[in-house]
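A short worksheet on the structure shown next.
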Amino acid sequence: MSSPEQWTHPEPGVGPAATAAKPTAEQVIAGLRATSEGGPELVQLLTPEGERVPNSQWDPYVSDVTAEDLRNLYRDMVLTRRVDREANALQRQGQLGIWVPLLGQEAAQIGSGRALKPQDMAFPSYREHGVAWTRGVKPTELLGIFRGTDHGSWDPLANRFHLYTIVIGNQVLNAAGYAMGQRFEGKVGDDDGEATICYFGDGATSQGDVHEGFVWASVYDAPLVFFCQNNQWAISEPTERQSRLPLYQRARGYGFPGIRVDGNDVLATLAVSRWALDECRHGNGPVLIEAFTYRMDAHTTTDDPTRYRLSDELEAWKLKDPIERVRVHLVRHMDTENEFFDQVQDESDQLAAELREFCQNMPEPPPGRMFSEVYAEGSPVLDAQRDAYLEYAAGFDGGEH
């Protein structure tokens, strides 16, 4: 009896989708090849071996990137990874309730984040720690979300970086509405125009919110870059069980361009993101970017990826590490000395120590904060609830719990 779960080919024209409960050996090989290579449409400027790939179409968007700029991108990725690893360890030690790792996705986030201009707006999901870094959000400001003490302690308007969204895909609707507002207010049309970028994963593309965002952004020409980090696994489901087509090709059905970039290549991601944001800034949006990358760790710290994916797949992607390819390029082609890498390592150690100290000494919020920091304005009903709760809490030892 056929299974309703269809195993599909990663590219159109390869052959019909299988309807067997399990894929054939040929289909497994085809899927793994697509996962590791990304297909012929993949935009890549820096190979996994650290070699520069000339590209007449995309080179102009990174022609101003100097050796110092590339070193800064390397530094961004190293520090972001160190924050991620330290927070992951803090969760394992009981200091955080949960953590959402970004290991392996540093290039996708740093490249796109550094493409943003100060006036642009970013809407993250819950894994965009690297984008937060590029928008001036301190790593310590992320911890309250995962410790359960706040919803995020930065100012979304000041940083031009919205608070994290836990509900899968919901940020796409928020971003579409915001970008439509930019359009209605005439904030697009030239180099000084505004653009919005919205981050989500491959699994979120199965959510209705994402498709509704596609529809509204397309019919209103919203200046919105949909940035899909395809890390190959929607928790425990591979991408090929979610779509018959490569994800970037879905943009065709909504009437706007889609492009697939090597999400482990910080230079290519920077170039493609600059182009897409510039298109939106000039009123030619929206655009869908599929950053083809890989989640090297668990979906969250509550997940066990060894139950659904092969170790061989993980080992293959380790050879495509986004940080290592930049390091090799800096050493081989930009005469970067060991002193620079040592300085970055020392800086990452210091950052990790500061993060740990902050996390271990985070004060517990007062009970009244849930009433004062959720709504923009109070109300008689809310005030009555606050007073009743505080009176109740005062009856316990200490008067605060």
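Observations on the structure shown:
- Wholly enclosed helices (runs of 4 or more DSSP H) of the stretch 281-361 bearing at least 1 residues modelled with pLDDT of 95 or more: 322-333, 338-360
- Taking (1) in contact (Cβ under 8 Å) with a residue 40 or more places away in the chain; (2) surrounded by fewer than 15 Cβ atoms within 10 Å (Cβ to Cβ); (3) not in a loop (DSSP other than H, G, I, E, B) in turn, Asp76 satisfies each apart from (2).
Let's see how each residue does on (1) surrounded by fewer than 20 Cβ atoms within 10 Å (Cβ to Cβ); (2) of a type in the set (Gly, Ala, Ser):
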site: Gly136; (1), (2): yes, yes
site: Asp155; (1), (2): yes, no
site: Gly177; (1), (2): yes, yes
site: Val188; (1), (2): no, no
site: Glu194; (1), (2): no, no
site: Asn230; (1), (2): no, no
site: Trp233; (1), (2): no, no
site: Glu237; (1), (2): yes, no
site: Gln242; (1), (2): yes, no
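- Restricting Gly113, Gly104 to those that are free of Cβ contacts under 8 Å to residues at least 60 places away in the same chain, in contact with a Lys or Arg (Cβ under 8 Å, 6 or more places away or on another chain) and either part of a helix (DSSP H, G or I) or buried (at least 24 other Cβ atoms within 10 Å of the Cβ) (or both) reduces the list to Gly113.
- When the stretch 97-143 is filtered for residues that are more than 21 Å from Tyr178 (Cα to Cα) and of a type in the set (Val, Ile, Thr), the ones remaining, listed by number, are Ile98, Val100, Ile110, Thr140.
- If only residues of the stretch 249-274 that are touching a Leu at 6+ places or on another chain (Cβ under 6 Å) and not in a loop (DSSP other than H, G, I, E, B) are counted, the one that is farthest from Pro48 (Cα to Cα) is Ala251.
- Cβ pairs under 8 Å, 6+ apart, first in the stretch 122-144 and farther than 11 Å from Asn159 by Cα, second acidic (Asp, Glu) and part of a helix (DSSP H, G or I): His129/Asp84; Gly130/Asp76; Gly130/Glu106; Thr140/Glu354
- Among the residues listed as Tyr375, Tyr308, the single one being at negative phi and outside the structural domain of Leu103 (by TED's automatic domain parsing): Tyr375
- Of all the criteria given as (1) part of a helix (DSSP H, G or I); (2) within 20 Å of the chain's Cα centre (by Cα), the one not satisfied by Ala89 is (2).
- Residue check for Glu240: part of a helix (DSSP H, G or I), touching a Ser or Thr at 6+ places or on another chain (Cβ under 6 Å) and farther than 24 Å from Gln119 by Cα: yes
- Taking the stretch 261-287 as the range and being within 25 Å of Arg325 (Cβ to Cβ), crowded, with 24+ Cβ neighbours inside 10 Å and not β-branched (Val, Ile, Thr) as the test, the residues that pass are Asp262, Gly263, Asn264, Asp265, Leu267, Ala268, Leu270, Ala271, Ser273, Ala276, Leu277.
The values are calculated or read from the model by the stated rules, or taken from the named source; none is laboratory data. If you're wondering where the values come from, they're calculated on a predicted model, not measured in any experiment. Note: ideal-geometry Cβ built from the backbone for every residue, glycine included; neighbour counts use all protein chains shown.
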